[in-house]
Structure formats: C-alpha cells, structure tokens
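Notes to accompany the following structure.
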C-alpha cells in the first residue's frame, strides 16, 4: 500500500513538472540571441560584440527589437531588479550597441521600435551562472508578398431553352352520319273483292 502511494505521488509530481515546463516554454519564446555576463558586470567583450554584429542581416528588416536583462539572484527587495540596476543595465548595454550597429552599418533606414527590460531574476534556472544574461528578440517586418486573387472566369451558362410543345390538333372527328329511320313504304291495301253470290231464281 505504501509503495502505491509513493508511486502515485511521484506520478503527480512528474505530471505537474511536465505541465509547468510546457507552460514556461510557451510563455517564453526562443530569443534570437543571448549575451552572457560575468558576475556583477554589464560590459560587452569583443567576442560578445562580434556575436551581436552577426545580427545585422536580421536588423535590416526589423521593425521591433526587444532586449530583456536578467541577474542570477534577485529577491523582491533586492536592488538588482529595476531600470536603474544590473538587470536593466545589461539590457541597456546590448540595446545601445545594436542601435549603433544599425546606425553605422545598416543600408536600410527603417524605423525600429526598441524595448529594453530589466527583469531581475529569471523564472527558471536562476541558480545557474547562465542567468546572468540578456536576451535579444528581433521581430522582422519583411512584408509578405501580396498574392492577388486570380479571377477565374465563370463559364457562361447558356439558359436551357425548353422547346415549346405545340399540342397536336386532334383530327376533326368525322361526324357519324345521322341515320334517319327508313320510312316503311305505305302498304296499299287492295280489298279483295268478295264474290257476289248469284241467286238463281228457279221456277
């Protein structure tokens, strides 16, 4: 019984961890580039600048660039969190370098919206040295090709003409001749003469 409870508890923990990891992955999109910093530092090394230079082709068509700065540890009362402190300074250092890069080397002079955030401690992995970083997100503004809808000519449907059926005139019935009753010939009755008796007078 005890083993079943332990296994059930372990299963619940595994499910919660999986769901939490999926939620964090959805809430945090993959950055275009990540710059890592030394402890309490926000300066850019030559190798870090080279990595940022490689973003120039994407910056040519960018409309928005967001840079989020983080620190390894940052409690609510810690001064590392906030625009005037370390996490923001890391974001600001990367943002200013990219702005200069676009200004000096970009061929396109499009308007880019720049957003920099000092987010303090990251949601996960705050115990790792990798938490001392700045994440760069580049939103491309390359317009999608406009595909004009092809007008398909609708076939002309000729109206079906229903032939007019003229009713065939029934032949005129030949009237049956009225047969008048044949008059019977008048019989002429010839009276048969009655023989006259001749009375002989004898003497």
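The values are calculated or read from the model by the stated rules, or taken from the named source; none is laboratory data. If you're wondering where the values come from, they're calculated on a predicted model, not measured in any experiment. A quick note on method: Cβ atoms are made from the backbone with ideal geometry, for glycine too, and the neighbour counts reach across all protein chains shown.
Taken over the stretch 89-101, the criterion of being over 11 Å from residue 65 (Cα atoms) and surrounded by fewer than 20 Cβ atoms within 10 Å (Cβ to Cβ) is satisfied by 92, 96, 97, 100, 101. A search for C-beta distances below 9 Å between a residue of the stretch 122-151 that is at positive phi and assigned to a strand (DSSP E or B) and any residue that is surrounded by 10 or more Cβ atoms within 10 Å (Cβ to Cβ) and at pLDDT 90 or above, counting only pairs 6+ apart in sequence or on different chains, returns nothing. What are the residues in the stretch 102-117 that are more than 18 Å from residue 67 (Cβ to Cβ) and either crowded, with 16+ Cβ neighbours inside 10 Å or free of Cβ contacts under 8 Å to residues at least 24 places away in the same chain (or both), if any? If the condition is that a residue be more than 18 Å from residue 67 (Cβ to Cβ) and either crowded, with 16+ Cβ neighbours inside 10 Å or free of Cβ contacts under 8 Å to residues at least 24 places away in the same chain (or both), then 104, 109 are the ones that fit. For the stretch 67-106, taking the residues that are closer than 19 Å to residue 128 by Cα, at pLDDT 95 or above and assigned to a helix (DSSP H, G or I), the one that is farthest from the chain's Cα centre (by Cα) is identified as 90.
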